[in-house]
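Colleague: If you scroll down you'll find the structure; I have some questions about it.
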Amino acid sequence: MSLLDPLGGSVIPVRPVHLLRLGVPAALVAATLVTITGSSGNAAQPQPGPYAVKPNFARTAKPAKDAYTPNTVLVKFKKTASAAAKSKALGKVNSRSSAAVGSGIVAVKSELAAPDMLKTLKADASVEKASLDYIRTASSAPNDTYYGSDQAGALGAIRMPQAWDLTKTAGAQTVAVLDTGIDAGHPDLAGRVLAGYNEIRPGTSPNDDNGHGTMTAGIIGANTNNGAGVAGVAWNVKILPVKVLDSSGSGPDSGIIAGINWAASNGAKVINMSLGGDGDDSLLHDAVKSAVAKGVVVVAAAGNTGVNVPHFPASYPEVLSVAATDNNGALTSFSTQGDWVDIAAPGWNIISTGPRSLTPAGYLPYWTGSGTSFSAPMVAGVAALVRNKYPTYTPAQVMARLKSTARDAGPRGLDPFYGAGILDAYNALGGSWAPEFWSAGPDGNDVPARATAITGSSVTGTTGPEGDVDWYKITSTTAHSVVVNVTSPVYDFENRAQNFAPVVKVYDKDLQQIGGAEINYEPDTPVALTASVNVNLVVGDNYISVRNYNGSRDSRAYTVSYAASSAGAAPFDHAWVQNSSVADYSNGVAQTVKPVITSATDLSPASVIDSTVRLLNGKTGAVVPSTVDYAADTKQITITPTAELLDNTPYRISVDGVQETSGATVSSFTSVFRTVDQAPAPLSAFDATGGYTTAALSWTLPGITDLDQVVVRGAAGTTPPASPTAGTAYAPGATTSGTATGLANATSYAFSAWVKDRSGKLSATPATTQLIGTATSLTSASASIVNFGGSVTLNGKASRIDTKAPLAGVPLSLYGRNKNSTVWREIARRTTAADGTASVVYAPSVSTVFAWGYNGSADLLGSRTGNFTVEVRPTIASYVSPTAIKLGASTNFYGYVRPQHAGSLVYLQRLSGSTWSTITSTKLNSTGNYAFGIKPTAKGTYTYRVVFVADADHATAVSASKTFTVS
């Protein structure tokens, strides 16, 4: 079939790939699924077909092994168990408390380990059942019908299940879907779809009359964990439908430009465009740039042409362009290629929501399809999650995040097939990295100088990494004519994501092209394809180059053969690279390599310069500083890097713009290789700055592109750990700093650090540093109890623990906390004298716990003294008036408490002999005053006092005693 280009109106030859047909048992629902072919510009009408009906089960997550509350056991006692029996059982496990949790179950707590408690309680006769208090976690594995089966491969390839463990929500992020519209009432999209806009028929709802847009929307944000259908990448994202394509899947630039502008002005944070074509429209580009300037991330499908041609809007630099792979990380045959491709995601046999109105009766509204159209929305959904987690990111930062965390696939480093690699949602959202996807190494016949000799009439070969070109050689003793045939394995677009369409070129001994043929179409039915060319072989070596027209790899073998034939054409073109000292796709290349390219033709020395011959960092695309030399006598170009290359790093040789002596420009040439995987170089500038029970660690990383983490180990004392498993682990990570916590007081520590790369290699020599411990003491205090308003003098001292030398001229802090609080505060800071001492006079307002502390420095760890408590007694004023009364009259005992304790009780006591007895009490009023009326019943002399009983802040205080007489 052909798909109309919605941007330019031309016809793009795209063969629909096989569409997965799924269903559920008829006993459950008399329905099955519809299939659709996705593209970056169109979609086929749904076509039902015969279905092998089978159930689909959702994957479930297992609870964490042995995760339980460490000192708690759940117990259900027998109904006949007495209170005494229960108490005895709890006593066996030294239970300090128990709490009812319902249904006769109690949570028993103890200092004992839970497994030991469980064993004891289960054996008790009063216990009916007992269990560990297991910890459960929220499971991110959704229960959608097709998640555990048909979606598992694609979502697993981008590590979506692991990403959901980090975040499921897209928050307030809105993704605009510029497409054929959306079935907003689909049960798996209900509540997700906003009102939207219809550019095709303004003023009407953007309903989907094709199917493509609803599928795209479902991949981004279908309702997830709802027990039905499919799981969307972003669980609760809002989807903004913008209909810019008609029922045939086509739409002009004018409508797409209007749709971009409308989406950017109506809340879209991400725009997904699973559409495109080969026409470069500057006005369309301006619309994209305007949306990005407003903070919108723009994602577009790379296209389904299967060849290396620019596709718009995907190839605009502001757009995140997405290629398509299968679930194993291999490029599909239909995915469009180019240096503008940014990232890849699964796009083969993807299941998603389909519009109900276009789903035939008896079929479920879930369709399957293949195309970069279904890769792009995966990236758009993850972009929404990234934007929500990192809300300050600009569109460029979101793109950089997704690309820098992608998993390399195909040719190592940046390449025109996968861009930066395959989307890794988990890494993008802050999770750990994952190993690269598999890629074939060198096959040994990448240049004519390493051509495979055809000794018989045929030979077989396979394409290795994407873009691989294989060279073969026929050595002829006579000049004669032959037909060269390259036959593919069966080309089965219905069932295979990768197929081989042969392209063959034949050259004479001087690499003059004498013939060529290619297959650039897909057959209607599965069949082997043969590219044939008649050529006139020359005496000596004749060369054959073979590649796949669409650049994808195919693990099945093709066949190269030749036989006598009629005369071929005269030489009409030529290749120029005879040999390259570094084989294409090779690994383990020395870091001191100086790549040499040998030409089959004379080159103009003036054109062989560092702007036409470059060595690029394959990961970043940056030019590696090098000198370029050309030896005319040997026809050799030598690239000499000015510094040793990084280890385990992809590099790309790029030649473009070199000319022959005739003035003709030779064809471009690229070759990729990876350097040897060496053990990392050690850290430099490893240092520690001391704190109290902590140390701030910092270091400088060596030049490394495959960093896993920095391994830091520490040990008490001054001898650093000798191995990366010795001592205690501190601050691991892939950063340039960390913190060691939980260090002991008044103890020295030594640290070692190793660099670990992703292959598990460690730097041979650890970087080391140490911090000397200090001792801080509270040498004296003038009192342990003071009256309110009084002061206490506290003296402290700091010294090194290794030499016992005092720490002179350092800041020493006096810390305090209220006796009833756990929060420390700095009361004062003093600079120590020559003998390491410092002193503070302080008037506490409440009972206070004091400690001196030294907070550490670049060479010393901090330390603290033990705690010293100073109690504060309130002051109590007391008065008696009058001091002499007649029997039957009364007197007043009154006064106040400072600080005020409004509402607190004070007690009136009377002295009888040598014993004080409490007579009565009263509450202090709002100003802290009290008053008692006393009316004695006998003549004599009486002595009274008032007592304030200690509370959380103050000690017990007693007023002065007062005496009066009764006559």
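The values are calculated or read from the model by the stated rules, or taken from the named source; none is laboratory data. Please read all numbers here as calculations on a predicted model, not as lab measurements. In this analysis, Cβ positions are derived from the backbone assuming ideal geometry, glycine residues included, and neighbour counts consider all displayed protein chains.
Colleague: Looking at this structure, is Ser611 modelled with pLDDT of 95 or more, over 46 Å from the mean Cα position of the chain (by Cα), farther than 17 Å from Ala449 by Cβ and hydroxyl-bearing (Ser, Thr, Tyr)? Walk me through how you get there before you give the answer.
Modeller: Values: modelled with pLDDT of 95 or more: yes; over 46 Å from the mean Cα position of the chain (by Cα): no; farther than 17 Å from Ala449 by Cβ: yes; hydroxyl-bearing (Ser, Thr, Tyr): yes.
No, not satisfied.
Colleague: Go through region 795-825 and give me each residue that's more than 44 Å from the chain's Cα centre (by Cα), crowded, with 16+ Cβ neighbours inside 10 Å and in a loop (DSSP other than H, G, I, E, B).
Modeller: Leu807, Lys819 - these are the residues of region 795-825 that are more than 44 Å from the chain's Cα centre (by Cα), crowded, with 16+ Cβ neighbours inside 10 Å and in a loop (DSSP other than H, G, I, E, B).
Colleague: Could I ask something else about it? What are the pairs, 6+ residues apart or on separate chains, where a residue within region 112-133 that is closer than 10 Å to Lys76 by Cβ has its Cβ under 7 Å from a residue that is of a type in the set (Lys, Arg) and in a helix (DSSP H, G or I)?
Modeller: Ala130/Lys122
Colleague: Now a separate question. Where the second residue is outside any loop (DSSP other than H, G, I, E, B) and polar (S, T, N, Q) and the first is on the phi > 0 side of the Ramachandran plot and lies in region 800-822, which pairs have Cβ atoms under 7 Å and are six or more apart or on separate chains?
Modeller: Final answer for the pair search is Gly809/Thr831.
Colleague: Just checking, does region 41-59 include any residue being surrounded by 11 or more Cβ atoms within 10 Å (Cβ to Cβ), modelled with pLDDT of 80 or more and aliphatic (A, V, I, L, M)?
Modeller: no
Colleague: Exactly one condition in (1) surrounded by fewer than 15 Cβ atoms within 10 Å (Cβ to Cβ); (2) hydroxyl-bearing (Ser, Thr, Tyr); (3) within 55 Å of the chain's Cα centre (by Cα) is not met by Ser839; state its number.
Modeller: (1)
Colleague: Applying the selection to region 150-188, what residues are polar (S, T, N, Q) and in contact with a Lys or Arg (Cβ under 7 Å, 6 or more places away or on another chain)?
Modeller: Let us first name the residues in region 150-188 that are polar (S, T, N, Q), namely 151, 162, 167, 169, 173-174, 180.
Listed by number, the residues that qualify are Thr167, Gln173, Thr174, Thr180.
Colleague: Residues to consider are Thr180, Thr120, Thr167; find the one that is within 25 Å of Ala406 (Cβ to Cβ) and either assigned by TED's automatic domain parsing to the domain that holds Val288 or touching a helix residue (DSSP H, G or I) at 6+ places or on another chain (Cβ under 6 Å) (or both). Explain how you work it out, then say what you get.
Modeller: On the way: Thr180 fails: within 25 Å of Ala406 (Cβ to Cβ); Thr120 fails: within 25 Å of Ala406 (Cβ to Cβ).
After ruling out the rest, the residue left standing is Thr167.
Colleague: Just a yes or no: is a residue in region 497-514 over 26 Å from Asp446 (Cβ atoms) and touching a residue at least 12 places away in the same chain (Cβ under 8 Å)?
Modeller: Taking every residue of region 497-514 in turn, none turns out to be over 26 Å from Asp446 (Cβ atoms) and touching a residue at least 12 places away in the same chain (Cβ under 8 Å).
Colleague: Moving to a separate point now. Mind telling me which of the residues Thr735, Thr747, Thr725, Thr739 ends up being within 26 Å of Ile801 (Cα to Cα) and either without any contact (Cβ under 8 Å) to a residue 60 or more places away in the chain or basic (Lys, Arg) (or both)? Give the steps one after another, and end with the answer.
Modeller: Details: Thr735 fails: within 26 Å of Ile801 (Cα to Cα); Thr747 fails: either without any contact (Cβ under 8 Å) to a residue 60 or more places away in the chain or basic (Lys, Arg) (or both); Thr725 fails: within 26 Å of Ile801 (Cα to Cα).
Among Thr735, Thr747, Thr725, Thr739, only Thr739 is within 26 Å of Ile801 (Cα to Cα) and either without any contact (Cβ under 8 Å) to a residue 60 or more places away in the chain or basic (Lys, Arg) (or both).
Colleague: Any residue in region 653-664 that is touching a Leu at 6+ places or on another chain (Cβ under 9 Å), among the charged types (D, E, K, R) and within 30 Å of Thr768 (Cα to Cα)? Steps first, please.
Modeller: Here is the first cut: in region 653-664, the ones touching a Leu at 6+ places or on another chain (Cβ under 9 Å) are 653-654, 658-661.
Then keep just the ones that are among the charged types (D, E, K, R); that gives 660.
Among the residues that remain, those that are also within 30 Å of Thr768 (Cα to Cα) are: none.
No - not one qualifying residue is present in region 653-664.
Colleague: Same structure, new question: Answer with yes or no whether Thr689 is outside the structural domain of Asp859 (by TED's automatic domain parsing), modelled with pLDDT of 95 or more and under 30 Å from Pro448 (Cβ atoms).
Modeller: Details: outside the structural domain of Asp859 (by TED's automatic domain parsing): yes; modelled with pLDDT of 95 or more: yes; under 30 Å from Pro448 (Cβ atoms): no.
Taking the combined requirement at face value, the residue does not satisfy it.
Colleague: Could you tell me which numbered condition Gly621 fails, if it satisfies all but one of (1) in contact with a strand residue (DSSP E or B) (Cβ under 7 Å, 6 or more places away or on another chain); (2) within 23 Å of Asp342 (Cβ to Cβ)?
Modeller: Failing condition for Gly621: (1).
Colleague: Next question. Do the conditions hold for Ala428, that is, is it outside the structural domain of Gly733 (by TED's automatic domain parsing), modelled with pLDDT of 95 or more and either within 27 Å of the chain's Cα centre (by Cα) or surrounded by fewer than 21 Cβ atoms within 10 Å (Cβ to Cβ) (or both)? Break it down stepwise before answering.
Modeller: On the way: outside the structural domain of Gly733 (by TED's automatic domain parsing): yes; modelled with pLDDT of 95 or more: yes; either within 27 Å of the chain's Cα centre (by Cα) or surrounded by fewer than 21 Cβ atoms within 10 Å (Cβ to Cβ) (or both): yes.
Answer is yes for this residue.
Colleague: Which of (1) part of a strand (DSSP E or B); (2) within 30 Å of Asp408 (Cα to Cα) is the odd one out, the single condition Ala764 does not satisfy?
Modeller: Of the numbered conditions (1) part of a strand (DSSP E or B); (2) within 30 Å of Asp408 (Cα to Cα), the odd one out for Ala764 is (1).
Colleague: Also, quick follow-up: In region 350-378, which residues are surrounded by 24 or more Cβ atoms within 10 Å (Cβ to Cβ) and farther than 17 Å from Pro187 by Cβ?
Modeller: Ile350, Thr368, Gly369, Ser370, Gly371, Thr372, Ser373, Phe374, Ser375, Ala376, Pro377, Met378
Colleague: If you go through region 520-532 one residue at a time, do you hit one that is outside the structural domain of Ala324 (by TED's automatic domain parsing), touching a Gly at 6+ places or on another chain (Cβ under 8 Å) and within 21 Å of Gly568 (Cβ to Cβ)? Reasoning before the result, please.
Modeller: First pass over region 520-532, keeping only residues outside the structural domain of Ala324 (by TED's automatic domain parsing): 520-532.
Then keep just the ones that are touching a Gly at 6+ places or on another chain (Cβ under 8 Å); that gives none.
No, every residue in region 520-532 fails to be outside the structural domain of Ala324 (by TED's automatic domain parsing), touching a Gly at 6+ places or on another chain (Cβ under 8 Å) and within 21 Å of Gly568 (Cβ to Cβ).
Colleague: Looking at this structure, is Val846 in contact (Cβ under 8 Å) with a residue 12 or more places away in the chain, β-branched (Val, Ile, Thr) and buried (at least 22 other Cβ atoms within 10 Å of the Cβ)? Quick ask: steps written out before the conclusion?
Modeller: Details: in contact (Cβ under 8 Å) with a residue 12 or more places away in the chain: yes; β-branched (Val, Ile, Thr): yes; buried (at least 22 other Cβ atoms within 10 Å of the Cβ): no.
Answer is no for this residue.
Colleague: Determine, yes or no, whether Leu74 is part of a loop (DSSP other than H, G, I, E, B) and of a type outside the set (Ser, Thr, Tyr). If you could, list the steps in order and put the result at the bottom.
Modeller: Details: part of a loop (DSSP other than H, G, I, E, B): no; of a type outside the set (Ser, Thr, Tyr): yes.
Judged against the criteria, Leu74 is not a match.
Colleague: Read through the list (1) within 30 Å of Ala324 (Cα to Cα); (2) surrounded by fewer than 17 Cβ atoms within 10 Å (Cβ to Cβ); (3) in contact (Cβ under 8 Å) with a residue 12 or more places away in the chain, then give the number of the only condition that Asp524 fails.
Modeller: Failing condition for Asp524: (3).
Colleague: When residues of region 150-189 are filtered for being farther than 22 Å from Ala268 by Cβ and in a loop (DSSP other than H, G, I, E, B), how many remain?
Modeller: 5
Colleague: Has region 640-653 got at least one residue that is within 21 Å of Tyr585 (Cα to Cα), of a type in the set (D, E, K, R) and not in a strand (DSSP E or B)? I'd like the intermediate steps shown before the answer.
Modeller: Keep residues of region 640-653 that are within 21 Å of Tyr585 (Cα to Cα), which gives 640-641, 644-653.
From the residues that got through so far, the ones that are of a type in the set (D, E, K, R) too are 644, 647, 652.
So of that shortlist, the ones also not in a strand (DSSP E or B) come out as 644, 647.
Yes.
Colleague: Sticking with this one: Could you please find all residues in region 664-712 being crowded, with 17+ Cβ neighbours inside 10 Å and under 30 Å from Leu511 (Cβ atoms)?
Modeller: Of everything in region 664-712, those that are crowded, with 17+ Cβ neighbours inside 10 Å and under 30 Å from Leu511 (Cβ atoms) turn out to be Val666, Phe669, Ser671, Val672, Phe673, Arg674, Thr675.
Colleague: For region 232-243, does any single residue satisfy the condition of being surrounded by fewer than 24 Cβ atoms within 10 Å (Cβ to Cβ), on the phi > 0 side of the Ramachandran plot, in the same structural domain as Trp340 (by TED's automatic domain parsing) and modelled with pLDDT of 95 or more?
Modeller: No, the conditions are met nowhere in region 232-243.
Colleague: So Asp602 clears everything in (1) surrounded by 15 or more Cβ atoms within 10 Å (Cβ to Cβ); (2) charged (D, E, K, R); (3) not assigned by TED's automatic domain parsing to the domain that holds Gln498 except one condition, right? Which one?
Modeller: (1)
Colleague: If I filter region 678-693 down to residues being part of a loop (DSSP other than H, G, I, E, B) and more than 28 Å from the chain's Cα centre (by Cα), which single residue comes out as nearest to Thr776 (Cα to Cα)?
Modeller: First pass over region 678-693, keeping only residues part of a loop (DSSP other than H, G, I, E, B): 678-683, 691-693.
Within this subset, residues satisfying the condition of being more than 28 Å from the chain's Cα centre (by Cα) are 691-693.
Working: Gly691: 13, Tyr692: 11, Thr693: 13 Å.
Only one residue tops the list, namely Tyr692.
Colleague: Could you list all residues from region 832-851 that are over 19 Å from Gly809 (Cα atoms), part of a loop (DSSP other than H, G, I, E, B) and not small (Gly, Ala, Ser)?
Modeller: Pro844, Val846
Colleague: Taking region 713-761 as the region of interest, how many residues are within 24 Å of the chain's Cα centre (by Cα), surrounded by fewer than 18 Cβ atoms within 10 Å (Cβ to Cβ) and not in a loop (DSSP other than H, G, I, E, B)?
Modeller: So the count comes out to 5.
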